[in-house]
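Take a look at the structure set out below.
We did not get these values from a lab; they are worked out from the coordinates using the rules stated. For clarity, every value in this text was computed on a predicted model and none was experimentally measured. Every residue, glycine as well, gets a Cβ built from its backbone with ideal geometry; the counts of neighbours run over all protein chains shown.
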Ligand code: IMP
């Protein structure tokens with residue numbers, strides 16, 4: 001079998017969140033890329049109305065500023081009974097994870113419709129203002145009546161994944177990756193990134 005030799009490429013993760021960069025480094029460990037986090041001082045305002053718009057904004061801005069390909073993500077929780085809120089405002093819904101959970105549960109206190117979903121948008125852009133790849137992952141579920149489980153982060157304890165009976169906080173990391181929105185988006189990204197790296201050197 002002839003294997004095409006692929007030079008390692010720098011890929012700047014458009015986030016200064018250490019956890020996210022670590023997660024992407026793990027997911028990308030078999031790719032010929034050097035994963036680097038964006039410079040801390042480079043801040044991009046998330047002014048988009050959708051997860052996809054925000055991911056695109058961040059990837060394009062960071063690629064332009066650094067001169068390298070950039071990978072950005074934007075994610076959040078959308079609740080049917082709240083007309084899609086908190087949505088793109090998920091991280092800004094209150095000052096802390098416990099505050100965000102308390103606010104959401106109180107807004108849902110009288111709601112019988114508990115349906116909700118997590119979304120994750122991923123975008124890779126090049127320094128010449130080109131969007132190279134965009135994918136979306138989604139995970140369906142329900143808002144619980146009270147927090148359950150101790151794993152994960154954010155809204156994990158109050159989001160029960162459809163057909164599992166478990167919240168994200170009650171399942172192991174591997175299971176969350178398999179069923180979760182980010183894992184699903186990444187599974188879509190993988191083959192496209194592989195061919196981009198092969199043909200767009
Ligand atoms: P981002 O960093 O702008 O993508 O913020 C996404 C926000 O949505 C996070 O701060 C969390 O509040 C929430 N979020 C996104 N993904 C998850 C998840 O997998 N579990 C729990 N909360 C999440």
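When a footprinting reagent is the concern and you count Cβ atoms within 10 Å, what order do 174, 112, 58, 64 take, fewest first? Write out the running numbers ahead of the final one.
On the way: 174 9, 112 6, 58 28, 64 15.
The order, fewest Cβ neighbours first, is 112, 174, 64, 58.
In whole angstrom, the stretch 137-201 maps to an equivalent ellipsoid with semi-axes of 30, 10, 9, each derived as √(5λ) from the alpha carbon gyration tensor and ordered largest first. Kirkwood radius and radius of gyration were both taken over the C-alpha atoms of the stretch 11-69, and their ratio Rg/Rh is 0.96. Were the residues from residue 102 through residue 195 laid out at 0.36 nm apart, the gain over their Cα-Cα distance would be 29.1 nm.
If the chain between residue 153 and residue 17 were fully stretched, how many nm would it gain, using 0.36 nm times the residue separation less the Cα-Cα distance?
Values: separation 136, 0.36 × 136 = 48.96 nm, distance 1.31 nm.
Difference between extended and current length: 47.6 nm.
Our estimate of slack between residue 47 and residue 94, defined as 0.36 nm per intervening residue step minus the Cα-Cα distance, is 15.1 nm. Each pair of Cα atoms in the stretch 88-158 enters the Kirkwood radius, and Stokes-Einstein at 10 °C and 1.306 mPa s then converts it into a translational diffusion coefficient of 111 µm²/s.
Rg(Cα) of the chain divided by 2.2 N^0.38 Å? Walk me through the intermediate numbers first.
Values: Rg = 17.7 Å, N = 201, 2.2 N^0.38 = 16.5 Å.
With N residues counted in the chain, Rg over 2.2 N^0.38 Å equals 1.08.
Bridge orientation summary for the chain: considering DSSP beta bridges with both residues in this region, about 75 percent are antiparallel.
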